[in-house]
């Protein structure tokens with residue numbers, strides 16, 4: 001269970017980082033609209049931030065996939081455990 005908790009914690013951190021990067025884009029747009037930076041600088045900085053957001057989202061999606069995979073793995077383990085218990089009970093019942 002601790003592995004799942006760590007994954008979920010990483011996912012929440014990743015979501016916060018994505019939100020922070022999106023805030024940076026908004027602030028950059030405000031600077032551009034206030035004529036504090038040029039359009040070229042705005043486009044360069046915006047592209048850098050958007051690339052970072054894209055990579056963060058890809059990692060976020062990967063972590064979500066790992067969570068699903070881990071949950072499925074734990075369910076399989078629980079089913080196998082139950083089958084073994086049932087087999088033991090059947091063997092004891094036959095004796």
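Could you please give the count of residues in segment 6-24 that are over 24 Å from residue 47 (Cβ atoms) and touching a helix residue (DSSP H, G or I) at 6+ places or on another chain (Cβ under 9 Å)?
Of the residues in that region, 4 qualify.
Residues 26, 52, 69: which one is surrounded by 12 or more Cβ atoms within 10 Å (Cβ to Cβ) and in a helix (DSSP H, G or I)? Step through it out loud before you land on a result.
Working: 26 fails: surrounded by 12 or more Cβ atoms within 10 Å (Cβ to Cβ); 69 fails: surrounded by 12 or more Cβ atoms within 10 Å (Cβ to Cβ).
Exactly one of 26, 52, 69 is surrounded by 12 or more Cβ atoms within 10 Å (Cβ to Cβ) and in a helix (DSSP H, G or I), namely 52.
Taken together, the values in this text are just the output of simple stated rules run on the coordinates, not laboratory data. Keep in mind it's a predicted model, so treat the numbers as computed, not measured. Positions of Cβ are generated from backbone atoms using ideal geometry, with glycine treated the same way; all protein chains shown enter the neighbour counts.
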